[in-house]
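The values are calculated or read from the model by the stated rules, or taken from the named source; none is laboratory data. Bear in mind the structure is a predicted one, so any value in this text is a computation, not a measurement. Here the Cβ positions follow ideal geometry from the backbone for every residue, glycine too, while neighbour counts run over all protein chains shown. Just so you know, the surface numbers come from the protein's heavy atoms only, side chains and all, with ligands and any DNA or RNA stripped out. Shrake-Rupley method; radii C 1.70, N 1.55, O 1.52, S 1.80 Å.
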Amino acid sequence: MSLAALIFDVDGTLADTERDGHRLAFNAAFKELGLDWVWDVPTYGRLLAVTGGKERMQHYVGTMRPDYAKPKDFDDLVAQLHQAKTRHYTALLAHGGIPLRPGVKRLLQAARAQGLRLAIATTTTPENVTALLTHSLAPGSETWFEVIGAGDIVPAKKPAADIYFWVLQQMGLEAAQCLAFEDSENGLKASQGAGLKTVVTINDYTRDHDFTGARAVLSDLGEADAPFQVLHGAAQGKRYVDLELLRLWHAVP
Ligand code: XBP
Ligand code: MG
């Protein structure tokens, strides 16, 4: 079956958004709403085990803040915090932003030029995806993606496979016609759970994760003048990920 579509995770895959993006926005929201919660870099690394901002805040209080007396309307507070956090995060992207990872724009442009279909499957909110694409890829680049599966559109976030199943259904494609791109163990579980062959690009938060089953595990997608490092998989003498390499990886049973 030939390769018809590429499905991308967002956070950690298109851009390194977690440490200096989402984390700072959470902290700004906590401060805005008068909470003394501060997520430093290592703490946030542990909290990343839980995907989704609302779920992550609930997990933090449940596991790291036994001293915190939850108000009766705690779920509403979490929703309010999440809205504030999304506002801070999208503002941060608009003011200088966060760059895309190496090779991402090049690969997306090449895929478009060759008529490969593109989609997104992420746990973050649609607003955050729009802000990243607008400010870090190109104004209007949302339209590059035929389907954007984001946030609460499915009940169970990654590592559940739901968001990938949803995207495949929207596109009318089978998993065997696609490749997924992920950066984390939870993301890989989700994509593989939907039967998708997956290319992993690691980052500082995810380099020790278990990526068993991935087609390839790379430092990044690479560029001609800044080649990738291959942690797992066969790069066929290539220095960066191009469509030829993706088709080779996709063809391996
Ligand atoms: C990304 C996440 C998200 C973001 C923030 O996971 O874990 O929760 O940290 O999301 P993945 P919110 O890359 O696997 O999709 O917008 O919900 O705060
Ligand atoms: Mg990710």
Starting from the alpha-carbon convex hull of the range 194-253, give the projected area averaged over all orientations, in nm².
4.5 nm²
Hey, which of these cross-link pairs are over 28 Å Cα-Cα: Lys157/Lys238; Lys85/Lys157; Lys31/Lys105; Lys54/Lys189?
Lys157/Lys238; Lys31/Lys105
Considering the options Gly53, Thr122, Trp144, tell which one lies farthest towards the positive end of the dipole of the chain, charges being +1 on Lys and Arg and -1 on Asp and Glu at the Cβ, about the Cα centre.
Trp144
So what J values fall out for the range 130-143 if you push phi through Karplus, 6.51 cos²θ - 1.76 cosθ + 1.60 with θ = phi - 60°, rounded to Hz, Gly and Pro as x?
4, 4, 5, 5, 4, 8, 10, 9, 5, x, x, 6, 3, 6
Of the accessible area of the chain, with the probe set at 1.4 angstrom, what percent is carbon plus sulfur?
52 percent
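I need the shape label for the range 114-253. Rule: rounded when a/c is under 1.5, else prolate if a/b > b/c, else oblate, with a, b, c from the alpha carbon gyration tensor. Each step should come with its number before you reach the end.
Numbers: a/c = 1.43, a/b = 1.28, b/c = 1.12.
Rounded shape, in that the Cα axes give a/c under 1.5.
If you place +1 on the Cβ of every Lys and Arg, -1 on the Cβ of every Asp and Glu, and leave all else neutral, what size is the dipole of the range 18-94 about its Cα centre, to the nearest 20 Debye?
Details: 11 positive and 10 negative charges, 18 e Å.
That gives the range 18-94 a dipole magnitude of about 80 debye.
Could you order the peptides 93-105, 66-78 from most to least packed, using the average number of other C-beta atoms within 10 Å per residue? Please list the in-between numbers first.
Details: 93-105: 16.8, 66-78: 10.9.
Sorting 93-105, 66-78 by mean packing, highest first, produces 93-105, 66-78.
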Rounded to the nearest 20 debye, what is the charge dipole size of the chain about its Cα centre when +1 sits on each Lys and Arg Cβ and -1 on each Asp and Glu Cβ?
240 debye
Can you give the accessible area of Val10 in Å² (nearest 10), computed on protein heavy atoms with a 1.4 Å probe?
0 Å²
Computed on alpha carbon atoms, what radius of gyration and Dmax characterise the range 130-177, expressed in Å?
12.4, 32
Computed over the range 18-94, the distribution of all Cα-Cα distances in 5 Å bins, rounded to whole %, is 3, 16, 29, 30, 16, 5, 1, 0
Once all protein chains are kept in place, Met1 shows an accessible area at probe 1.4 Å, nearest 10 Å², of 140 Å²
The range 188-199 - phi-based ³J(HN,Hα) in whole Hz, Karplus 6.51/-1.76/1.60, Gly and Pro as x:
5, 4, 5, 5, 5, x, 8, x, 8, 5, 9, 9
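Can you give me the accessible area per residue for the range 90-240, using a 1.4 Å probe, in Å²?
Working: 6510 Å² over 151 residues.
I get 43 Å² per residue for this part.
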Amide H contacts under 5 Å for Arg117, restricted to residues at least 5 apart in sequence or on another chain and with H modeled in the peptide plane, are Ala5, Leu6
Can you give me the solvent accessible area of Arg56 with a 1.4 Å probe, rounded to the nearest 10 Å²?
10 Å²
CD proxy at 222 nm, helix term only [per DSSP H run n ≥ 4: -39500 (n - 2.57); per residue of the chain; nearest 500]
-11000 deg cm²/dmol
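Just to be sure I understand: of the beta bridges DSSP finds with both ends in the chain, what percent are antiparallel, rounded to 5? Can you show the working numbers first?
On the way: 4 of 23 bridges.
Counting DSSP beta bridges with both partners in the chain, the antiparallel share is about 15 percent.
Taking a 1.4 Å probe, which of Arg23, Arg106 shows the most accessible area, and what order do the others take after it?
On the way: Arg23 30, Arg106 60 Å².
So the residues, ranked largest to smallest area, are Arg106, Arg23.
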Taking the 0 to 90 degree range and rounding to the nearest ten, how far is the long axis of helix 23-32 tilted relative to the main principal axis of the chain, both from C-alpha atoms?
20 degrees
Whole percent per 10 Å bin, from 0 to the bin with the longest distance: what is P(r) over all C-alpha pairs of the chain?
7, 32, 36, 18, 6, 1
